[in-house]
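Notes follow once the structure below has been shown.
The values are calculated or read from the model by the stated rules, or taken from the named source; none is laboratory data. Since this is a predicted model, take the numbers as computed values, not measurements. Cβ sites come from the backbone with ideal geometry, for glycine too, and all protein chains shown count toward neighbours. Quick note on the areas: whole protein, heavy atoms, side chains included, nothing else; ligands and nucleic acids left out. Shrake-Rupley method; radii C 1.70, N 1.55, O 1.52, S 1.80 Å.
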Amino acid sequence: MKLIYTNASPYARKARIVALEDGIDLELIWHHPTAEGSKVPDFNPLGKVPALILDDGTLIIDSPVICEFLDQHERTPSLVPAAGPDRMRVKTLEAIADGIMDATVASVLETRRDPSERSPYWLTRWEEAIRRALPLLEGQLLADESFNLGTIASISALHYLDFRFPEQAYLEPHPALSEWLKSHENRDSIVQTMPFDGPSR
C-alpha cells in the first residue's frame, strides 16, 4: 500500500502512527499538495493528503477513513472500538482533535497570504475555536489512559499546533495536558513521525 503524505501534515501523521502501531508496512510517497506542479491531484482528485492507494489501485481518502481501514488488520486491543459507547468516545475525541487541526491548518494558510489579504476576523475565529476546544480535549484525555485513535489524533493535533504556532503558547494554560503530551513523546510511533517541513531532514 502507498500513502501519499507530507511530513508536516497532522492528518497524514495519524495514518502513519496507526500503521506503525499495527505493524503495517506502508510505502510513503511525499508530495506537497500546495506546491507548484503538485502531483497530489494525480493520486487524489481533491488535492489533499493523506491518500491511501491499495495494491489493486483502490483509493481511500480522509484520515478517519484511512485510519479505520488500517486498523481493520488484526490487533488487540483495536485502536478503533467496533461499536458501542467506547467507539463513540474514541470517535468524538478524534473529531475534537481533527477540529483543532482544521483550525490550525486554516490559520497557517491564512498567515501565508499577503498581509493585506489576510482576514483578522477568521484568524480570531480559528484561534478562539482552538482555545475553546483544548479544555474539552484535556478533560477527555485525562479521564482515559487507553491508547487509541482519539489519543493519536490528539497527539497529532497538539504537536502540530506547537509546531506551527509556538509563540501562541496554546498549552501554557493547560499544564496537565502538556504533561499528558510529554508522557507519550518517547513512544516509537510518535518519535518516528514528529512533524517537520520538507521531504527529508
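One table, with the values for the structure above:
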read-out	value
Residue that is nearest to ILE17 (Cα to Cα), among those in the stretch 154-172 that are free of Cβ contacts under 8 Å to residues at least 12 places away in the same chain and of a type outside the set (D, E, K, R)	PRO166
Any helices (runs of 4 or more DSSP H) falling wholly within the stretch 15-133 and containing at least 2 residues that are over 26 Å from MET1 (Cα atoms), open to solvent by less than 40 Å² (accessible area, probe 1.4 Å) and modelled with pLDDT of 95 or more	84-111
Positions within the stretch 112-154 being more than 20 Å from the chain's Cα centre (by Cα) and polar (S, T, N, Q), in sequence order	SER116, SER119, THR124
ALA143 vs. criteria at pLDDT below 95, surrounded by fewer than 16 Cβ atoms within 10 Å (Cβ to Cβ) and not polar (S, T, N, Q)	yes
Residues of the stretch 186-198 that turn out to be in contact (Cβ under 8 Å) with a residue 40 or more places away in the chain and surrounded by fewer than 13 Cβ atoms within 10 Å (Cβ to Cβ), as a count	5
Selection from the stretch 11-31 of residues that are free of Cβ contacts under 8 Å to residues at least 60 places away in the same chain and not aliphatic (A, V, I, L, M)	ASP22, GLY23, ASP25, GLU27, HIS31
